[in-house]
Amino acid sequence: MIKCNVCGYDNPLGRVHCIQCGSKIDLSKVVPPNRATGARGEVVVTRRGGTGGRTHILRAIWKVVDLIILAALGIGIVLMWREPAVRDILLDAPQAVAAQAKLDTLAQSAQSGKPATVELSEAEINSYLNHPASPRRLRYAEDTPGATFQARLAKYQIQLEGGNQFTIIGVGEIRVSKSVKRVILRLDGSLVDTPGGRRMKFNHAYVGELPLHKLPAGQPIVDWFAEFFFRFQTLDAEWKLIKGARDVQLAAGKAVVAVGPAAVTPAAGAPAAGR
């Protein structure tokens, strides 16, 4: 409604002249609903709920939080995209066959209860995992003909360090049309003996150069990452053999695995058997 400035009659919105007295309504003196006049006739601006200033501060804070999140995502994507140096281990078909023979020896000795110790080199282990002629080569995702975009794991290798430490590396590929970008996935861990048996303990995980273990709730992320990318059911038999071995020692570039009972060394001065 618009109040007439002469007689005070409430006129409908849109009227130019007052219905009651016919005077022209002075529209410049009409006060909008969200304004009120003070004691001297000045216009006083009011805010609904009286929290306009607080709302403005909260909006500013949320904008800052949004910028921080976007910056963190941008840094994370850049680190994931960066490709760290990888020491490619050469593959060889005879070494894949040699690894198979050594694993067969361990399995037979473990089944018969006879002691046996074998040494597996990095090249033998990785040839066993990757070489096309390997009897137990892991199978990775194949290209889909005609696909514009696809992501796959193209290679997998184990690097053996001293002190029972190891590094597992997966080379992923992201293909967009004919362009290919490599993404390096990495896990650092160790073999540990626990009351429940030998197990793998993963400490660090990386996608490119992004350290997943340093993110909030880092260890659950590392465990999920290990389970999702670096566990192969086709190697269950090999892992069961390693897990049940009497002793496993990882040195630089090699693994020494012993199964069966430990050999008994005669005490000094004891008579030899059969005498």
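Any chance you could give the angle, 0 to 90 degrees and rounded to 10, that helix 52-81 forms with the longest Cα principal axis of the chain?
That helix lies at roughly 30 degrees to the long axis.
Order these peptides, 65-77, 114-126, by their mean beta-carbon neighbour count within 10 angstrom, highest first.
So the order, starting with the most tightly packed, is 114-126, 65-77.
So if I take the alpha carbon set of the stretch 84-222, get Rg, then get Rh from the Kirkwood formula, what is the Rg over Rh ratio?
Dividing the radius of gyration by the Kirkwood radius yields 1.03.
Output needed: percent of Cα pairs per 10 Å distance bin for the chain, bins running from 0 to the one holding the longest distance.
5, 18, 20, 13, 8, 6, 6, 7, 6, 5, 3, 1, 1, 0, 0
Using only Cα positions of the stretch 60-165, each an equal point scatterer, no hydration layer, compute I(q)/I(0) via Debye at q = 0.11, 0.21 Å⁻¹ and quote the log10 values to two decimals.
-0.60, -1.15
Angle check, please: helix 93-112 long axis (alpha carbons) against the longest principal axis of the chain (alpha carbons), in degrees 0 to 90, nearest 10.
70
Taking 30 Å as R0, compute the FRET efficiency from the Cβ-Cβ separation of residue 86 and residue 119 and round it to 0.05.
So, using R0 = 30 Å, E works out to roughly 0.75.
Can you sort 182, 139 from fewest to most other Cβ atoms within 10 Å of each residue's own Cβ?
With the sparsest Cβ surroundings first, the list reads 139, 182.
In whole Hz, what ³J(HN,Hα) sequence does the stretch 233-243 give by Karplus (6.51, -1.76, 1.60; θ = phi - 60°), x for Gly and Pro?
Residue by residue, the stretch 233-243 yields 5, 5, 9, 4, 5, 5, 5, 4, 5, 5, 5 Hz.
In the structure shown, do any of 155/181; 102/201; 214/243; 102/240; 114/240; 181/201 have a Cα-Cα gap over 20 Å, and if so which?
Among 155/181; 102/201; 214/243; 102/240; 114/240; 181/201, the Cα-Cα distance tops 20 Å for 102/201; 214/243; 181/201.
If amide H atoms are built 1.01 Å from N in the plane of the peptide, which residues on other chains or at least 5 residues away come under 5 Å of the amide H of residue 5?
Residues meeting the amide H criterion: 26.
Just to be sure I understand: with springs between alpha-carbon atoms less than 10 Å apart, which residue in 240, 178, 102 has the highest mean-square fluctuation in the Gaussian network model of the chain?
178
No lab work stands behind these numbers, since they all come straight from the coordinates. Everything quoted here is computed from the prediction, not taken from an experiment. FYI the Cβ positions are ideal-geometry reconstructions off the backbone, even for glycines, and counts take in every protein chain you see.
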